[in-house]
Amino acid sequence: MTAPKLVIGGNGFLGSHVVRHLVDEATDAEIRVTVRATANTAGIDDLDVTRFVGDIFDLDVIRAAMTGCDVVYYCVVDARAWLRDPSPLFRTNVDGLRGVLEVAAEFAAAGTLKKFVFTSSYSTVGRKKGRVATEDDLIDRRKLTAYVRSRVQAEDLVLQYARDRGVPAVAMCVSTTYGGRDHGMTPQGAVVAGTVFEKLPFVLDKIALEAVGVEDAARAMVLAADRGRPGQRYLISERMISNREVIRIAADEAGVSAPRRAIPVPLLYAMGAMGSVRARLTGTDQQLTLESVRLMRAEAEVDCAKARRELDWTPRPVEESIRAAARFWAQMRSARRQARAAS
């Protein structure tokens, strides 16, 4: 019988798609997931999986879930880059990960764990406008936002355990993901949802992100379990796409009008500055701050040839995944209307 596979954080956007991919391909392998007791599990509720309830700090649960598994997919991340107090980012992204890696090291030493596939971020790669970055480009650590710093430290930790403790880990540097079944409404999903619901007031002018379909990213994770080289990182993206184009595609698929107003870059910085001041004066978290604007403006292209070559990964055009996201939110809109009509 094939050894079990474990997805830590299997209820999240990417994690649930990894779980779904494994279930679709599994023959006799048990698929396990860890989820928090209060987690939204709508993305996996229809799947036949074995659940282990607990967070990444409950190492007894992690150890029980990992026992006998030959592959572990780690899909936990706190992506709240807007937090005024960044300490939760480091607690989850770094401290929580360290405990899980200690358990993974135990099973690697015992010879049962064959691959630890870690969800990293393309933000950990050194990128500069005007050139295309690869996995070999190291990031300048002097001026990182707290969020990016937490992701860099997490990736460093994974690669350290691969180098020094024998954990067969690969770091998947995944870009912005689009697709259906976004039950937790990721920030990028909120843009698509806002377009479909016709609640989005404006387009962000001259803002673009590296992007990939969430199903393609999940498939890259599964391919990395078979073909990824321990101690290596792999960039996972399809192409750079502008905020304007994402909204246009979503609006076209949903049959609605895209917003006509655009926020130019100088005004975006002004709005970010206002958000930063508001956060400081009120002591509350604001999603649009100077730091978040700078993070958006730091975008630069990446080259995913290594993943294509070594993992035999071929992503679909990201437009298809944006259209899938739009269809998902259109279905949610229809369901809400029907529920209101029935009440």
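Quick notes on this structure:
- Electrostatic tally near GLU30: other residues with Cβ closer than 15 Å to its Cβ, Lys and Arg +1, Asp and Glu -1, net -2.
- Over 32 Å between alpha carbons, listed pairs LYS115/LYS206; LYS143/LYS306; LYS143/LYS206; LYS114/LYS143: LYS115/LYS206; LYS114/LYS143
- Each of PRO230, ILE241, ALA154 was placed along the dipole of the chain (beta-carbon charges, centred on the mean Cα), and the one lying farthest toward the positive end is ILE241.
- Each residue of segment 321-330 was assigned a 3J(HN,Hα) from its phi angle through the Karplus curve 6.51 cos²θ - 1.76 cosθ + 1.60 (θ = phi - 60°); the sequence is 6, 5, 5, 5, 4, 4, 5, 4, 6, 5 Hz, with glycine and proline shown as x.
- Protection proxy ranking, highest mean first, for peptides 39-45, 146-152, 16-22: 16-22, 146-152, 39-45, where packing is the per-residue count of other beta-carbon atoms within 10 Å, averaged.
- Rounded tilt (10° steps) of 265-282 against the dominant C-alpha axis of the chain: 70
- Total formal charge among the other residues, if their Cβ is under 12 angstrom from that of TRP329, Lys/Arg +1 and Asp/Glu -1: +3
- Each helix, a run of at least 4 DSSP H residues, gives -39500 (n - 2.57); summed and divided by the residues of the chain, these come to -14000 deg cm²/dmol at 222 nm.
- Cβ-defined net charge surrounding GLU135, 10 Å radius [Lys, Arg +1; Asp, Glu -1]: -1
- On Cα atoms only, tilt of 214-227 relative to the major axis of the chain in degrees: 20
- Inter-centroid distance (Cα atoms) of segment 243-257 relative to segment 170-229, Å: 15
Read the figures in this text as sums done on the coordinates, not as results from a lab. Because the structure is a prediction, the values reported are computed rather than measured. Positions of Cβ are backbone-derived with ideal geometry, glycine not excepted, and every protein chain shown enters the neighbour counts.
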